[in-house]
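Participant: I'd like to ask you about the structure that follows.
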Amino acid sequence: MAWIASVLEEHGHEVRILDSPTLGLSLSDFMEVVKSWSPDVVGLTALTPTIKLAYKAARAAKVADENVKVVIGGVHATFMWREVLDSCRDIDYVILGEGEYSMSKLVEAIERGVKPRHISGIALRNENGDPACTGPWRPIDLSSLPPPARHLLPMDKYTFLDKPARIVHMMASRGCPYGCIFCATSYYFGRRVRFRKVESVLDEVAECIDKYKTNIFVFTDDEFTINRNWIESFLRGLRERGLDIQWTCGSRVDSVDEKLLSKMYSYGCTTIYFGVESGSQETLDRIGKRISLGQVRRVFEAIRRIGGLAVATFIFGFPWETINDMKQTLKFALKLDPDYAQFTYATPYPGTPLYEIAKRQNLIVDNDWSHYTTLKPVMRGYHFTLKDVEAIFKEAYARFYLRLKFLVRQIKMKMFKDLIRTIFKNVVMPRLRSWH
């Protein structure tokens with residue numbers, strides 16, 4: 001959103017960003033903003049589990065101003081554009097794929113009163129009112145983008161563990177070459193990884209330190225370490241420019257070694273997220289992960305020697321898995337003993353091969369998009385039911401986070417209070433509210 005806003009501003013348009021969830025805005029609050037500001041275009045973005053909320057926002061915008069044009073983008077809308085236009089008549093256009101420049105062209109066309117059929121990467125309704133697509137979208141040259149329009153965001157609201165410490169989210173690259181069957185990244189951003197210039201990223205870091213008085217950064221790239229030359233240059237730049245930041249990123253066990261990990265932690269990296277996914281080599285091969293369990297063990301052993309912090313993510317419920325396969329993943333997670341583990345359900349997101357498999361083989365049990373959070377099972381397997389995988393999921397969280405070894409480690413790290421507060425806020429309170 002901030003990049004889209006920046007491109008629009010560069011082309012002379014007046015822009016506002018409403019981060020409704022962060023600001024705690026209700027639908028009526030949103031309507032009041034639309035009424036008071038009276039924009040020509042309202043742009044929405046939504047993930048799969050929030051698409052229904054986006055439909056409500058589109059309706060609210062039209063109620064507030066029947067003449068406003070409503071545009072939606074994002075991964076879900078990109079792959080389900082027909083359904084989106086059929087399901088919500090209040091949405092006029094869908095931006096497909098990366099929308100920085102196509103959105104700008106669309107706004108200019110709306111401004112001129114021209115039908116945007118000449119703009120590639122847009123879905124709209126044709127003369128008969130049926131959903132139609134103007135053509136495929138193209139990946140963007142990231143070096144051509146202006147800095148994100150963070151001045152339009154509520155930067156003081158992005159905090160860590162509810163503490164008064166601002167966080168800056170930053171993206172240095174787009175794309176992933178691996179094409180794992182459960183992840184839409186390769187199919188949305190493309191298989192070619194496009195990195196911004198190192199100097200551009202470092203300039204942005206320096207600007208954010210100065211403007212927002214923070215040194216906490218989260219790099220949202222899927223594979224921040226995939227280009228060894230780039231990450232080495234980035235680390236060298238941090239040192240040479242004296243940018244003393246604390247940062248986290250995502251990585252793969254096949255793109256790092258002990259030497260690189262040691263350097264990353266030395267230059268301010270506080271946590272690295274690794275998608276381990278499974279404790280079964282067969283499952284890793286079938287999902288297209290292209291890593292081995294041996295590589296996973298070696299990387300986490302190296303991190304333990306260095307004294308760094310790492311999170312491992314695991315997925316339960318791929319269609320072919322048995323209950324024993326999932327228990328093997330849990331056993332592997334416990335033995336691997338990362339600092340933190342995230343367990344999720346295999347979720348067939350639109351745009352992924354897993355979605356096509358699940359649809360073709362009639363494995364989807366729950367078609368409510370709001371349940372596609374990875375924290376609720378929506379797909380059965382060949383050998384298990386939803387109740388089976390749910391039992392493994394609950395057992396995994398209980399066995400990993402209630403271990404004496406883990407709790408003692410939290411106390412030593414002085415993270416125990418933060419952990420309890422986070423669990424209470426995100427697990428206990430939602431459960432209590434759901435009981436009323």
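The values are calculated or read from the model by the stated rules, or taken from the named source; none is laboratory data. It should be emphasised that the depicted structure is a prediction, and the values quoted were computed from it without experimental measurement. As a convention, Cβ positions derive from the backbone with ideal geometry for all residues, glycine included, and neighbour counts pool all protein chains shown. Surface accessibility is based on the protein's heavy atoms, side chains included, excluding ligands, DNA and RNA. Shrake-Rupley method; radii C 1.70, N 1.55, O 1.52, S 1.80 Å.
To keep it simple, each residue is scored yes or no on (1) open to solvent by 30 Å² or more (accessible area, probe 1.4 Å); (2) in contact (Cβ under 8 Å) with a residue 60 or more places away in the chain; (3) of a type in the set (Gly, Ala, Ser); (4) on the phi < 0 side of the Ramachandran plot.
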| site | (1), (2), (3), (4) |
| --- | --- |
| Leu47 | yes, no, no, yes |
| Arg59 | yes, no, no, yes |
| Val68 | no, no, no, yes |
| Phe79 | yes, yes, no, yes |
| Ser87 | yes, no, yes, yes |
| Val94 | no, no, no, yes |
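Participant: Further, regarding this structure: Which of the residues belonging to the stretch 337-361 are in contact with a Lys or Arg (Cβ under 8 Å, 6 or more places away or on another chain) and surrounded by fewer than 20 Cβ atoms within 10 Å (Cβ to Cβ)? Don't jump to the end; show me each part of the working.
Facilitator: Within the stretch 337-361, the subset in contact with a Lys or Arg (Cβ under 8 Å, 6 or more places away or on another chain) is 337, 339, 345, 348.
Scanning the stretch 337-361 gives Asp337, Asp339.
Participant: Among (1) outside any loop (DSSP other than H, G, I, E, B); (2) open to solvent by less than 30 Å² (accessible area, probe 1.4 Å), there is one condition Asp156 misses while meeting the rest; what is its number?
Facilitator: Against the list (1) outside any loop (DSSP other than H, G, I, E, B); (2) open to solvent by less than 30 Å² (accessible area, probe 1.4 Å), Asp156 comes up short only on (2).
Participant: What single numbered condition from (1) in contact with a helix residue (DSSP H, G or I) (Cβ under 7 Å, 6 or more places away or on another chain); (2) part of a strand (DSSP E or B) fails to hold for Tyr273?
Facilitator: Of the numbered conditions (1) in contact with a helix residue (DSSP H, G or I) (Cβ under 7 Å, 6 or more places away or on another chain); (2) part of a strand (DSSP E or B), the odd one out for Tyr273 is (1).
Participant: Assess whether Gly179 counts as being surrounded by fewer than 20 Cβ atoms within 10 Å (Cβ to Cβ), in contact (Cβ under 8 Å) with a residue 60 or more places away in the chain, out of contact with any Pro (no Cβ under 7 Å at 6 or more places or on another chain) and in a loop (DSSP other than H, G, I, E, B).
Facilitator: yes
Participant: Sticking with this one: Do we have Asp254 as without any contact (Cβ under 8 Å) to a residue 24 or more places away in the chain and either in a strand (DSSP E or B) or open to solvent by 20 Å² or more (accessible area, probe 1.4 Å) (or both) here? Walk me through how you get there before you give the answer.
Facilitator: Details: without any contact (Cβ under 8 Å) to a residue 24 or more places away in the chain: no; either in a strand (DSSP E or B) or open to solvent by 20 Å² or more (accessible area, probe 1.4 Å) (or both): yes.
It is false that Asp254 is without any contact (Cβ under 8 Å) to a residue 24 or more places away in the chain and either in a strand (DSSP E or B) or open to solvent by 20 Å² or more (accessible area, probe 1.4 Å) (or both).
Participant: Now a separate question. Identify all residues within the stretch 257-269 that are out of contact with any helix residue (DSSP H, G or I) (no Cβ under 8 Å at 6 or more places or on another chain) and open to solvent by 50 Å² or more (accessible area, probe 1.4 Å); write none if there are none.
Facilitator: Hits for the stretch 257-269 are Lys259, Ser266.
Participant: Filter the stretch 298-329 for residues that are among the polar types (S, T, N, Q) and open to solvent by 10 Å² or more (accessible area, probe 1.4 Å) and give the result.
Facilitator: Within the stretch 298-329, Thr313, Thr322, Asn324, Gln328 meet the criteria.
Participant: Let me ask something additional. I need the full set of residues from the stretch 241-251 which are in a loop (DSSP other than H, G, I, E, B) and either under 16 Å from the mean Cα position of the chain (by Cα) or touching a residue at least 24 places away in the same chain (Cβ under 8 Å) (or both), in order please.
Facilitator: First, the residues of the stretch 241-251 that are in a loop (DSSP other than H, G, I, E, B): 241-245.
Within the stretch 241-251, Arg241, Leu243, Asp244, Ile245 meet the criteria.
Participant: Which members of the stretch 362-380 meet the condition of being in a loop (DSSP other than H, G, I, E, B), closer than 22 Å to Tyr188 by Cβ, touching a residue at least 12 places away in the same chain (Cβ under 8 Å) and open to solvent by 30 Å² or more (accessible area, probe 1.4 Å)?
Facilitator: Within the stretch 362-380, Thr373, Thr374, Leu375 qualify.
Participant: For His151, are the conditions met, namely being in contact (Cβ under 8 Å) with a residue 40 or more places away in the chain, within 15 Å of Met1 (Cα to Cα) and open to solvent by 70 Å² or more (accessible area, probe 1.4 Å)?
Facilitator: Working: in contact (Cβ under 8 Å) with a residue 40 or more places away in the chain: no; within 15 Å of Met1 (Cα to Cα): yes; open to solvent by 70 Å² or more (accessible area, probe 1.4 Å): yes.
Criteria not met by His151.
Participant: For Cys249, work out the one condition from (1) open to solvent by 10 Å² or more (accessible area, probe 1.4 Å); (2) in contact with a Phe, Trp or Tyr (Cβ under 6 Å, 6 or more places away or on another chain); (3) more than 30 Å from Ile323 (Cα to Cα) it doesn't fulfil.
Facilitator: It is condition (1) that Cys249 fails.
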